[in-house]
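Report on the structure given below.
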Amino acid sequence: MTPYSGNGAYCYANSLYMSLLGAGADARELATPGFLECLTTVPFGNMYLALEDGPLVFFSGANIDPDSGLTRALSALGWICQEQRGGSGAEALAQVREAARKAPVLVGPVDMGYLSYHPGHHYMAGADHFMAVLAVEDDFVLLHDPQGYPCALLPHHEFLQAWEAERVPYRTAPYTYRASFQQVEQVSRQTMIARTLPAARANLEADPGGPVAYGGVRVFAMLAKDLRGEVPDSLVSHLLHFALPLAARRNLDAAAFMREAGIPGAAACLERQARLFGLAQYSGAHGQWASVADVMEQLAEQES
């Protein structure tokens, strides 16, 4: 299937790509954001969250988050960086100011609810995000936001509010950033893939077992059951604007990754899943949630 190129919620993969380019990576050799996304292992697996205000599902590993995924990707690539967490906001901002004078700084997770240059930020409270900071100026932080906002400006106080990431569930400390990227090892693509496959397989099998977080193939059945009843507005918005289109893109990139790994059966399965996620998007956009539930059951069969 023809690869997809276009907009998509690949914030940490795109931010990593920009940061590595800014650190001197050869654009002719640097892996694409789609390949970097697979090196994080986030695309492999599923997670269902039984939350008090309604369920959420992520078509990504239940044992991995984007922050941890970035560490995995860098290790597979043969790069290192300065990774900093915590401290005071003023100290962290001063550190990023100094680091950004040399190369972009990968910042995140941040809370999208404070990104006031984004017209819809009021509706994104607690949503996680990653960005590349280009400079800390006297009054503003200059950054590339891969959500579609190059050269975005954010006042210091709003940037620090976002960067504290207090409402981001998986953040371990405020003010997380990665800077001073350096390549320490020449690694072939086949070696990168070999380093990644064991963790990708572990993601597919990961299942926290509840009572809040669940994983593995049963996530599809749990979501299908929810979709056959009254579907909460929060779940509708999450699926249509984020989870379903992102899953289709991730599966296409994962299919290419598996094909390059020499596992054509897995690649073909992932392409079929991408098509099914596209079907689910269409049916959901037309309010046909029982049909989306049928698709979830087909996805379970594909992954079993």
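Of everything in the range 218-236 that's within 20 Å of the chain's Cα centre (by Cα) and modelled with pLDDT of 95 or more, which residue is farthest from Ala202 (Cα to Cα)? Outline the logic, then answer.
Taking the range 218-236 as the starting set, the residues that turn out to be within 20 Å of the chain's Cα centre (by Cα) are 219-220, 234-236.
Now restrict to residues that are modelled with pLDDT of 95 or more: 219-220, 235-236.
Numbers: Val219: 16, Phe220: 18, Leu235: 27, Val236: 29 Å.
Filtering the range 218-236 for residues that are within 20 Å of the chain's Cα centre (by Cα) and modelled with pLDDT of 95 or more, the one farthest from Ala202 (Cα to Cα) comes out as Val236.
Could you look through the range 254-271, keep only residues that are on the phi < 0 side of the Ramachandran plot and out of contact with any helix residue (DSSP H, G or I) (no Cβ under 6 Å at 6 or more places or on another chain), and pick out the one that is surrounded by the most Cβ atoms within 10 Å (Cβ to Cβ)?
Ala256
Residue by residue through the range 251-274, note down the ones that are part of a helix (DSSP H, G or I) and in contact (Cβ under 8 Å) with a residue 60 or more places away in the chain.
Taking the range 251-274 first, the residues part of a helix (DSSP H, G or I) are 251-260, 264-274.
Scanning the range 251-274 gives Asn251, Leu252, Asp253, Ala254, Ala255, Ala256, Phe257, Glu260, Glu271, Ala274.
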Do you know which residues across the range 266-299 are within 19 Å of Leu246 (Cβ to Cβ) and charged (D, E, K, R)?
-> Glu271, Arg272, Arg275
Restricting attention to the range 233-245, report how many residues are out of contact with any helix residue (DSSP H, G or I) (no Cβ under 8 Å at 6 or more places or on another chain) and surrounded by fewer than 20 Cβ atoms within 10 Å (Cβ to Cβ).
-> 6
State yes or no: is Gly287 over 20 Å from Leu36 (Cβ atoms), small (Gly, Ala, Ser) and outside any loop (DSSP other than H, G, I, E, B)?
-> no
For Thr196, all conditions in the list (1) free of Cβ contacts under 8 Å to residues at least 40 places away in the same chain; (2) on the phi < 0 side of the Ramachandran plot hold save one; what is the number of the exception?
-> (1)
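Considering only residues that are in a loop (DSSP other than H, G, I, E, B) and over 19 Å from Arg189 (Cα atoms), which ones fall in the range 8-32? Before the answer, list the steps.
Restricting attention to the range 8-32, the residues satisfying the condition of being in a loop (DSSP other than H, G, I, E, B) are 8-10, 23-32.
Gly8, Ala9, Tyr10, Ala23, listed by residue number.
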Unique match (being modelled with pLDDT of 95 or more and open to solvent by 60 Å² or more (accessible area, probe 1.4 Å)) among Arg28, Arg97 = Arg97
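The values are calculated or read from the model by the stated rules, or taken from the named source; none is laboratory data. Since this is a predicted model, take the numbers as computed values, not measurements. In this analysis, Cβ positions are derived from the backbone assuming ideal geometry, glycine residues included, and neighbour counts consider all displayed protein chains. Calculation scope for accessible area: heavy atoms of the full protein, side chains included, ligands and nucleic acids excluded. Shrake-Rupley method; radii C 1.70, N 1.55, O 1.52, S 1.80 Å.
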